[in-house]
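Single-structure report; data block below.
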Amino acid sequence: MTSKKLGKQTVAFASPPTIAGCANVVGKKEGEGPLAASFDLIQEDDTFGEASWEKAESTMQRMALQSALDKTGQAASALDYVFAGDLLNQCIASSFAVRGQDTSFFGLYGACSTMAEGLALAAMVLDGGFGNLAGAVASSHFCSAERQYRTPLEYGGQRPPTAQWTVTGSGAVILSREGEGPYVTHATIGKIVDKGIKDANNMGAAMAPAAYDTISTHLSDTRRKPSYYDLIVTGDLGSLGKEIVLDFFHKDGVELQNYDDCGVRIYDLQGQDVHCGGSGCGCSAVVLTGQLLDGMKEGRWRRILFCGTGALLSPTSTMQGESIPGICHAVAISTQRGD
């Protein structure tokens, strides 16, 4: 049997699945940012008509998944699998969102790397012949995340300069074994990288080493140069984490001219009070399903390396004085199946 594995951590798909459809839903603040035109639905009420922030997050996921399915002309029951995750304990936003959808469900926790993790796993399943259609969904909500990881909004705590703003939004992608692209051609599965950062208000510094490790590994495994891609994008290190990644590569003698971060793109860092930028599972999910895939369809980019980054902390680990492990999964997306 011919192995699809390249190097230590990268998978090259023999039959790259296509992105048959995608959609996103965001909150009011995200709709006031520079990417507003790329969002399918901007909700002025961040409760989405629900009684709690957590229920609102489930509603966002349902709306994003349904919209993506509508674009492909499929019902939820046609999906062989749904891979979904969020930031809440036990992934409750996802499990309640998929409840009643009549489809097999994998609940994921990759923190802010969840959309990349879902895409990688869905692509592996389809390329392996275990199904024809799969969904990848991720979400986050500013209010539910603050209540779980830091302090409730009513507390009125001050946010340090290194803090990021958790995106209120959900993105969904439908992958199919057949279609015209864009295609998921490779996936590099990340390793846990922990440099001892303990500050939950400095996620960019905690995740940046993992992003550097995975991007470097992907380039080594595939024997590609950074210039092979029109865009290398992480999600979501924010402005501080982005600078750290650039500095790591600079020390290697590599200048990433084609690199950016979803957390930097989603907000106006000067005009909106978000400090270092965006974060949360929904950040990279809505940027991918909005500006990035729109840009590929419009011919702006042919090849994108989408690198989801996650900080794998929890309230329990924080209370035990633990550091924040980082993870990054990279997914190569191309308009050409043979790339």
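Here is a yes/no grid of residues against (1) closer than 24 Å to D199 by Cβ; (2) of a type in the set (S, T, Y); (3) out of contact with any Gly (no Cβ under 9 Å at 6 or more places or on another chain):
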{"residue": "L240", "(1), (2), (3)": "yes, no, no"}
{"residue": "G253", "(1), (2), (3)": "no, no, yes"}
{"residue": "G277", "(1), (2), (3)": "yes, no, no"}
{"residue": "C283", "(1), (2), (3)": "yes, no, no"}
{"residue": "L288", "(1), (2), (3)": "no, no, no"}
Out of (1) surrounded by fewer than 17 Cβ atoms within 10 Å (Cβ to Cβ); (2) at positive phi; (3) outside any helix (DSSP H, G or I), the one F48 does not meet is (1)
Inspect all residues belonging to the stretch 261-280 and state whether any of them is assigned to a helix (DSSP H, G or I), within 30 Å of Q336 (Cβ to Cβ) and among the β-branched types (V, I, T). yes
Residue that is surrounded by the fewest Cβ atoms within 10 Å (Cβ to Cβ) [pool: residues in the stretch 296-338 that are touching a strand residue (DSSP E or B) at 6+ places or on another chain (Cβ under 6 Å) and under 14 Å from E180 (Cα atoms)]: R337
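Quick grid of which residues meet (1) under 23 Å from E117 (Cα atoms); (2) polar (S, T, N, Q); (3) without any contact (Cβ under 8 Å) to a residue 12 or more places away in the chain:
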site	(1), (2), (3)
W53	no, no, no
S58	yes, yes, no
L65	yes, no, no
A68	yes, no, no
T72	yes, yes, no
L79	yes, no, no
G85	yes, no, no
Residue selected from the stretch 14-37 under the condition more than 20 Å from the chain's Cα centre (by Cα) and of a type outside the set (D, E, K, R), by the criterion nearest to L293 (Cα to Cα): S15
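Listed residues K71, K55, K29; which is touching a Gly at 6+ places or on another chain (Cβ under 6 Å) and of a type in the set (K, R)? Talk me through it step by step, then tell me what you get.
Details: K55 fails: touching a Gly at 6+ places or on another chain (Cβ under 6 Å); K29 fails: touching a Gly at 6+ places or on another chain (Cβ under 6 Å).
Being touching a Gly at 6+ places or on another chain (Cβ under 6 Å) and of a type in the set (K, R) holds for just one of K71, K55, K29, which is K71.
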If you go through the stretch 204-247, how many residues are in contact with a Cys (Cβ under 8 Å, 6 or more places away or on another chain), among the aliphatic types (A, V, I, L, M) and buried (at least 24 other Cβ atoms within 10 Å of the Cβ)? 6
Can you tell me which of (1) assigned by TED's automatic domain parsing to the domain that holds V26; (2) over 30 Å from A56 (Cβ atoms); (3) not acidic (D, E) is the one K195 doesn't meet? (1)
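Scan the stretch 80-94 residue by residue and report those that are surrounded by 24 or more Cβ atoms within 10 Å (Cβ to Cβ) and assigned to a helix (DSSP H, G or I).
Let us first name the residues in the stretch 80-94 that are surrounded by 24 or more Cβ atoms within 10 Å (Cβ to Cβ), namely 82-88, 93-94.
Across the stretch 80-94, the qualifying residues are A93, S94.
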Picked from the stretch 248-264 (must be surrounded by 13 or more Cβ atoms within 10 Å (Cβ to Cβ) and out of contact with any helix residue (DSSP H, G or I) (no Cβ under 6 Å at 6 or more places or on another chain)), the residue farthest from E30 (Cα to Cα) is V254
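Does R303 meet the test of being of a type in the set (K, R), touching a residue at least 40 places away in the same chain (Cβ under 8 Å) and farther than 29 Å from E57 by Cβ?
Numbers: of a type in the set (K, R): yes; touching a residue at least 40 places away in the same chain (Cβ under 8 Å): yes; farther than 29 Å from E57 by Cβ: yes.
So R303 passes the test.
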Only unsatisfied item for S77, checking (1) over 12 Å from L65 (Cβ atoms); (2) among the hydroxyl-bearing types (S, T, Y); (3) surrounded by 19 or more Cβ atoms within 10 Å (Cβ to Cβ), is (3)
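The values are calculated or read from the model by the stated rules, or taken from the named source; none is laboratory data. Here the structure is a predicted model, which is why all the values come from computation and not from measurement. As a convention, Cβ positions derive from the backbone with ideal geometry for all residues, glycine included, and neighbour counts pool all protein chains shown.
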